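The values are calculated or read from the model by the stated rules, or taken from the named source; none is laboratory data. This one's a predicted model, so the numbers in the text were calculated from it and none came from an experiment. So basically every Cβ, Gly included, is an ideal-geometry build from the backbone, and we count neighbours across all protein chains shown. Note: areas computed on protein heavy atoms with side chains; ligands, DNA, RNA excluded. Shrake-Rupley method; radii C 1.70, N 1.55, O 1.52, S 1.80 Å.
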Amino acid sequence: MNDRQIKVGIFMGSKSDLPIVNEAAKILDYFGISNEINILSAHRSPHAVVKTLEKLEKQGAKLFIASAGMAAHLAGVIAAHTHKPVLGIPLGGGDLNGIDSLLSTVQMPKGIPVATFAIGKSGAINAALFAVQILSQNDETLSKQFDEYRTEQTAEVIKINEEN
Ligand code: RP5
């Protein structure tokens, strides 16, 4: 078994979700946060989801990001099996353009929270940034890195405004 330390465990329901979920992984990589992507479905491979979640917790995972489309139960199922924070990214692409996965992810019954982000790419990026914010509470270096990221983002916007 691979027992390298992992800070953030990422799950997605299908390989077709990878282009969007990669946006989250890219942010975590940028901040130097160890992460691992698993392609496992709450419906098609439920036992493997739980087994992998347990493995990631043993590897030190502090929180989980879960992304799925259609009847998106992946984040909720993961939240049911862990006491760590779960961040959910609903995906578009189905016949209902993500409204189905948004509602499936956000409408959790009381007692089992899933922090739900926007549909698609913005949600993936924001889920990863939120993960950075959580992890930076106990990590001064990461906190400074995050401050710099936000300062640079603001400077970019100002620059675009000044150029136009
Ligand atoms: C969900 O169904 C997946 O997360 C994916 O977004 C959607 C479609 O999956 P595929 O048919 O592309 O495997 O479980």
Selected residue (only one of Ala61, Ala68 is of a type outside the set (Val, Ile, Thr) and in contact with a Pro (Cβ under 8 Å, 6 or more places away or on another chain)): Ala68
Please verify whether Gln137 is open to solvent by 80 Å² or more (accessible area, probe 1.4 Å) and closer than 18 Å to Glu23 by Cβ, treating the condition exactly as stated. no
Picked from segment 91-133 (must be among the β-branched types (Val, Ile, Thr) and surrounded by fewer than 17 Cβ atoms within 10 Å (Cβ to Cβ)), the residue nearest to the ligand (Cβ to nearest atom) is Ile99
Of the residues Val49, Val21, which single one is within 16 Å of the ligand (Cβ to nearest atom) and touching a residue at least 60 places away in the same chain (Cβ under 8 Å)? Val21
With Lys62, Lys110, Lys51, Lys55 as the choices, which residue is in contact with a helix residue (DSSP H, G or I) (Cβ under 7 Å, 6 or more places away or on another chain) and charged (D, E, K, R)? Lys62
Scan segment 66-84 and give yes if some residue there is under 15 Å from Thr116 (Cβ atoms), more than 13 Å from the ligand (Cβ to nearest atom) and touching a Lys or Arg at 6+ places or on another chain (Cβ under 8 Å), otherwise no. no
Condition first: under 15 Å from the mean Cα position of the chain (by Cα), among the hydroxyl-bearing types (Ser, Thr, Tyr) and under 23 Å from Leu135 (Cβ atoms). Can you find one or more residues in segment 65-76 that meet it? yes
